[in-house]
Amino acid sequence: MATLDVSISNVAVTTIQSDLHLTAAAGAWILDSYMLSFASLLFLGGSLSNRYGIEKTLLFGLSLAAVTSVGLALSVFTENYALLAVLYALGNLGIGISVPAMTTLTMKSAGSEYSNIASTMLNIARQTGSLVGLVAKIRVEA
């Protein structure tokens, strides 16, 4: 989900640049700000998992991401960029919180004997998200 979101951001940045008449450097800053905020939220997700439990943190993060994704889908025709920015930030928060919990839960449930297989499968799922984003970009540009 996180890599799919990054891929979507890569697709959307060209439209954002053209609509707002931004330079390529400004577009790069949009992507960088997303990645930096996501990376910083990983620490928060790990801390919340330790404090409140892995399952609760994962459920909260995924629920927040899902609700904001629905909100973004419903607001597709709005030109209220402040609303879109808030929804996007909340979705980013949900994903950032859920990734450490998801990784920890996957590794714990697999046990030490199968942790390498679990890690591989989780990585395959994440990379599939990137592939879906790439295919979406190709279809949008076509």
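The values are calculated or read from the model by the stated rules, or taken from the named source; none is laboratory data. From a predicted model like this one, the values you see are computed outputs, not experimental measurements. Every residue, glycine among them, receives a Cβ derived from its backbone with ideal geometry; neighbour counts consider all protein chains shown.
Quick notes on this structure:
- When residues in segment 79-117 are screened for being in a helix (DSSP H, G or I), of a type outside the set (S, T, N, Q) and surrounded by fewer than 15 Cβ atoms within 10 Å (Cβ to Cβ), 11 of them pass.
- Residue count, segment 1-19 (criterion: part of a helix (DSSP H, G or I), modelled with pLDDT under 75 and not β-branched (Val, Ile, Thr)): 7
- Odd one out for residue 98 among (1) more than 17 Å from residue 34 (Cβ to Cβ); (2) polar (S, T, N, Q); (3) in contact with a helix residue (DSSP H, G or I) (Cβ under 9 Å, 6 or more places away or on another chain): (1)
- One residue alone among 84, 74 is farther than 25 Å from residue 122 by Cβ, in contact with a Leu (Cβ under 9 Å, 6 or more places away or on another chain) and among the hydrophobic types (A, V, I, L, M, F, W, C), and that residue is 84.
- The condition (being closer than 25 Å to residue 14 by Cβ, of a type in the set (D, E, K, R) and either over 13 Å from the mean Cα position of the chain (by Cα) or modelled with pLDDT under 85 (or both)) is satisfied by just one residue among 108, 137: 137.
- Residue within segment 57-64 that is among the hydrophobic types (A, V, I, L, M, F, W, C), modelled with pLDDT of 90 or more and farther than 24 Å from residue 119 by Cβ present: yes
- Of the candidates 53, 27, the single residue that is of a type outside the set (Asp, Glu) and under 19 Å from the mean Cα position of the chain (by Cα) is 27.
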